[in-house]
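Asks: Attaching a single structure in structure tokens format; questions to follow.
The values are calculated or read from the model by the stated rules, or taken from the named source; none is laboratory data. What you see is a predicted model, and the numbers here were worked out from it, not measured in a lab. Every residue, glycine among them, receives a Cβ derived from its backbone with ideal geometry; neighbour counts consider all protein chains shown.
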Amino acid sequence: MYNTPMNIYQLKKLIRLNVFTTEMIKPILEQEYQEPIKKINNMVKKGELIRLKRGVYILGTEYRDYSLNMVTIANMLHKPSYVSYEYALSYHGLIPERVYTVTSATTYRPEIYTTEVGTFSYKKIPSKVYSLGIDWKFDEHDGGYMIATAEKALCDLVYADQRIVGIDKDDMLEYLEDDLRIEWEELEKLDTTLLWKISMAYSSSRLRNMAASIKKRQKNG
């Protein structure tokens, strides 16, 4: 118990994260307040907390000591999910453009959240594909968060791109390099075994063609 009512600085010291859920801070506030939800709402009104959606919050701008991790926020807004598609490709350095919408894959319904800190989009994928090719990362500021490997992000994006239905092996590399603007040096680093496993889980001839094309190009140099 505190001698004076718990303030945002005390909560910040205890939670040690920029983004968190009601379930994460409620036990802390219950030590001081009989109505912790009312206290959370008051903190939101004062700008100490920002509500991204019901039950998910970030510290107000002036109370943050480090930048927001958009991947962590995306994971928290819609579960289960992992960040993928263009945002993950940019994160891994495969595409040159900065990506502003954070797009994730989920086994639940598609969703879009427009928040004060950005737009977060979610696309539904088959459950049998979900667990392949995900990196789990952790640091003391953001906790644990999940993002697709470069291979998984590329497969998710190519599978979802309806512009290239029926594309053949001969045109696949041109699409990757010209349309997606992925440098060959980056494609050369990809794990074609993982690409193949993901393509089989997707049951996608398009992804199998992509994996075969990249492997052939890697082999021939």
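Asks: Which residues, taken from region 5-15, are surrounded by fewer than 16 Cβ atoms within 10 Å (Cβ to Cβ) and under 13 Å from Tyr57 (Cα atoms)?
Replies: Ile15
Asks: Give me the pairs, please: first residue somewhere in region 26-46 and more than 14 Å from Tyr57 (Cα to Cα), second residue anywhere and at pLDDT below 95 and part of a loop (DSSP other than H, G, I, E, B), beta-carbon distance under 6 Å, and either six or more positions apart or on two chains.
Replies: Glu32/Met6
Asks: Take Met43 and tell me if it is crowded, with 16+ Cβ neighbours inside 10 Å and either under 24 Å from Asp179 (Cβ atoms) or in the same structural domain as Val19 (by TED's automatic domain parsing) (or both).
Replies: Spelling it out, Met43 is indeed crowded, with 16+ Cβ neighbours inside 10 Å and either under 24 Å from Asp179 (Cβ atoms) or in the same structural domain as Val19 (by TED's automatic domain parsing) (or both).
Asks: Shifting gears a bit: Hey, which of the strands (runs of 3 or more DSSP E) in region 1-116, taking only ones fully inside, have at least 2 residues that are among the β-branched types (Val, Ile, Thr) and under 20 Å from Trp136 (Cα atoms)?
Replies: Answer list for region 1-116: 19-21, 102-106.
Asks: Among the listed residues Ala153, Ala160, which satisfies the condition of being in contact with an Asp or Glu (Cβ under 9 Å, 6 or more places away or on another chain) and farther than 19 Å from Ile58 by Cβ?
Replies: Result: Ala153 is the single residue among Ala153, Ala160 that is in contact with an Asp or Glu (Cβ under 9 Å, 6 or more places away or on another chain) and farther than 19 Å from Ile58 by Cβ.
Asks: Same structure again: Within region 64-74, can one find any residue that is more than 30 Å from Gln10 (Cα to Cα) and touching a helix residue (DSSP H, G or I) at 6+ places or on another chain (Cβ under 8 Å)?
Replies: No, because not a single residue in region 64-74 is more than 30 Å from Gln10 (Cα to Cα) and touching a helix residue (DSSP H, G or I) at 6+ places or on another chain (Cβ under 8 Å).
Asks: Could you please give the count of residues in region 205-220 that are small (Gly, Ala, Ser), under 25 Å from the mean Cα position of the chain (by Cα) and under 15 Å from Asp161 (Cβ atoms)?
Replies: Of the residues in that region, 0 qualify.
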